[in-house]
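The structure appears right after this line, and notes come after that.
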Amino acid sequence: MNKTLQKYRKKSGTSTKTDSFVHSLNVYRMAKTQVFTTVASLQNHLSEVAKKSTVGFVPTMGALHSGHVSLVKASSKQCDFTVVSIFVNPTQFNNSSDLEKYPRDFDKDISLLEASGGAIVFAPTVDEMYPEGHQPKRMELGRVANIMEGEFRPGHFDGVVEVVYRFLEIVNPTHTYFGEKDLQQLSIVRHMVKEFNLPVEVVGCETHRLEGGLAASSRNERLTKDQKEKALILYQSLDRVRAEKESYGPREAREKIKEWFQDSELELEYIEFVDATTFEDVTEWTVHTHGCIAAFAGQVRLLDNISMV
Ligand code: PAF
């Protein structure tokens, strides 16, 4: 069993803090939003309402924001029904304090979905997702899982594959929506769907940005107003390189960004320019080049990437 999951289960009995909102309710109904907490109740509902329909699936870890809403809207536009999962997946955290501090506000999530047109929500407990005897789905992920996010968060992508595979198995959607902000995750999910020949279309959606360019993220909730302003350096440094890229190549751009961060209050974790199709480093700008960056604002780890075209 994944170590973070084991530790978390031990600490909180069989359930986790994620489960606390679930109480004993099985279905939580608002005008346009229904919440299911068990696989059986969700599947039963889908088999009644969504027969022969297109079903869009938006996986989330809750703490929903405008970025999630844009995924839900993309799904609602394309599909007859939209299922949104709200589940803080312990198996993709390599750091238990990060897992504990992950923002959670279930009622706010439901209100936001309701205000955005509603959805079918699946909010399982950890035990519902990973019952006794559950065998995590594993696959060889290669280079994409060992660099950047994979290097700094060992095991993270194994946990993502495990949970996304399990969700796709439960929900059986025709389409699934992922943000391009998590570029490596999107690439891995596409690879997994191909590898296991899953009958679902993976739709990548543009990163939703707030004023100044900060990428919408659940982790922004943990930033102070001042940190939010200082965090603009992630997007703005990439954007500046993109504007100046005729003057220097990717290697020099990395050094420049490192220098700009030295003058800021954020701690740069990595800055890489990679080919978004192979995840190899690039030494020259190409149409596939993406600048990928991760940095800490205090304790909060932030992530971004942009196409350099
Ligand atoms: O991107 C996320 O929020 C998570 O990695 C996902 C896809 C919901 C899986 O837990």
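It is to be established whether one or more residues within region 107-116 are away from the ligand (no atom under 16 Å from the Cβ) and either at positive phi or of a type in the set (Ser, Thr, Tyr) (or both). Yes, because at least one residue in region 107-116 is away from the ligand (no atom under 16 Å from the Cβ) and either at positive phi or of a type in the set (Ser, Thr, Tyr) (or both). Say whether the condition of being surrounded by fewer than 19 Cβ atoms within 10 Å (Cβ to Cβ), modelled with pLDDT of 95 or more, hydroxyl-bearing (Ser, Thr, Tyr) and over 22 Å from the mean Cα position of the chain (by Cα) is met by at least one residue in region 26-36. No: region 26-36 contains no residue that is surrounded by fewer than 19 Cβ atoms within 10 Å (Cβ to Cβ), modelled with pLDDT of 95 or more, hydroxyl-bearing (Ser, Thr, Tyr) and over 22 Å from the mean Cα position of the chain (by Cα). Could you please let me know if residue 86 is buried (at least 22 other Cβ atoms within 10 Å of the Cβ) and more than 15 Å from the ligand (Cβ to nearest atom)? No. Within region 199-216, is there a residue that is within 21 Å of residue 85 (Cβ to Cβ) and part of a helix (DSSP H, G or I)? Among the residues of region 199-216, not one is within 21 Å of residue 85 (Cβ to Cβ) and part of a helix (DSSP H, G or I), which makes the answer no. Restricting attention to region 31-77, the residues being within 16 Å of the ligand (Cβ to nearest atom) and in contact with a Cys (Cβ under 8 Å, 6 or more places away or on another chain) number 4. Does residue 119 fit the bill of being within 18 Å of the chain's Cα centre (by Cα) and either of a type in the set (D, E, K, R) or surrounded by 14 or more Cβ atoms within 10 Å (Cβ to Cβ) (or both)? So residue 119 does not fit the description; no. Close Cβ contacts (under 6 Å, 6 or more residues apart or on different chains) running from residues in region 48-76 that are open to solvent by 30 Å² or more (accessible area, probe 1.4 Å) to residues that are β-branched (Val, Ile, Thr) comprise 54/174; 61/88; 76/82.
For residue 206, all conditions in the list (1) more than 14 Å from the ligand (Cβ to nearest atom); (2) open to solvent by 30 Å² or more (accessible area, probe 1.4 Å); (3) within 20 Å of residue 109 (Cβ to Cβ) hold save one; what is the number of the exception? Among (1) more than 14 Å from the ligand (Cβ to nearest atom); (2) open to solvent by 30 Å² or more (accessible area, probe 1.4 Å); (3) within 20 Å of residue 109 (Cβ to Cβ), residue 206 violates only (3). Of all residues in region 167-198, those satisfying the criterion of being outside any strand (DSSP E or B), within 16 Å of residue 55 (Cβ to Cβ) and within 12 Å of the ligand (Cβ to nearest atom) are 167, 168. Only residues that are of a type in the set (Phe, Trp, Tyr), closer than 18 Å to residue 164 by Cα and not in a loop (DSSP other than H, G, I, E, B) were counted in region 96-149, giving 1. Residues of region 151-165 that are hydrophobic (A, V, I, L, M, F, W, C) and closer than 13 Å to residue 93 by Cβ: 152, 157, 160, 163.
Every condition in (1) within 15 Å of the ligand (Cβ to nearest atom); (2) surrounded by 15 or more Cβ atoms within 10 Å (Cβ to Cβ); (3) of a type outside the set (Val, Ile, Thr); (4) modelled with pLDDT of 95 or more holds for residue 98 except the one numbered (4).
Would a scan of region 211-219 turn up a residue that is more than 30 Å from residue 264 (Cα to Cα), more than 15 Å from the ligand (Cβ to nearest atom) and touching a helix residue (DSSP H, G or I) at 6+ places or on another chain (Cβ under 8 Å)? No, there is no match, as no residue in region 211-219 is more than 30 Å from residue 264 (Cα to Cα), more than 15 Å from the ligand (Cβ to nearest atom) and touching a helix residue (DSSP H, G or I) at 6+ places or on another chain (Cβ under 8 Å).
Residues that are at pLDDT 65 or above, more than 28 Å from residue 100 (Cβ to Cβ) and under 20 Å from the mean Cα position of the chain (by Cα) do occur in region 43-66, at least one of them. Could you tell me whether residue 192 is on the phi > 0 side of the Ramachandran plot and surrounded by 20 or more Cβ atoms within 10 Å (Cβ to Cβ)? So residue 192 fails the test.
All conditions in (1) assigned to a helix (DSSP H, G or I); (2) free of Cβ contacts under 8 Å to residues at least 40 places away in the same chain hold for residue 84, with the sole exception of (1).
Quick check, is residue 155 at positive phi and away from the ligand (no atom under 14 Å from the Cβ)? No; evaluated as a whole, the condition is false for this residue. Restricting the search to helices (runs of 4 or more DSSP H) fully inside region 222-266 and requiring at least 2 residues that are out of contact with any strand residue (DSSP E or B) (no Cβ under 6 Å at 6 or more places or on another chain) and crowded, with 19+ Cβ neighbours inside 10 Å gives 232-244.
Every condition in (1) at pLDDT 95 or above; (2) touching a Phe, Trp or Tyr at 6+ places or on another chain (Cβ under 6 Å); (3) under 13 Å from residue 171 (Cα atoms) holds for residue 90 except the one numbered (3).
The values are calculated or read from the model by the stated rules, or taken from the named source; none is laboratory data. Since the structure is predicted, the reported quantities are computational estimates derived from the model, not experimental observations. No Cβ is skipped: glycine too gets one built from the backbone with ideal geometry, and neighbour counts run over all protein chains shown. For accessibility, only protein heavy atoms count, side chains too; no ligands or nucleic acids. Shrake-Rupley method; radii C 1.70, N 1.55, O 1.52, S 1.80 Å.
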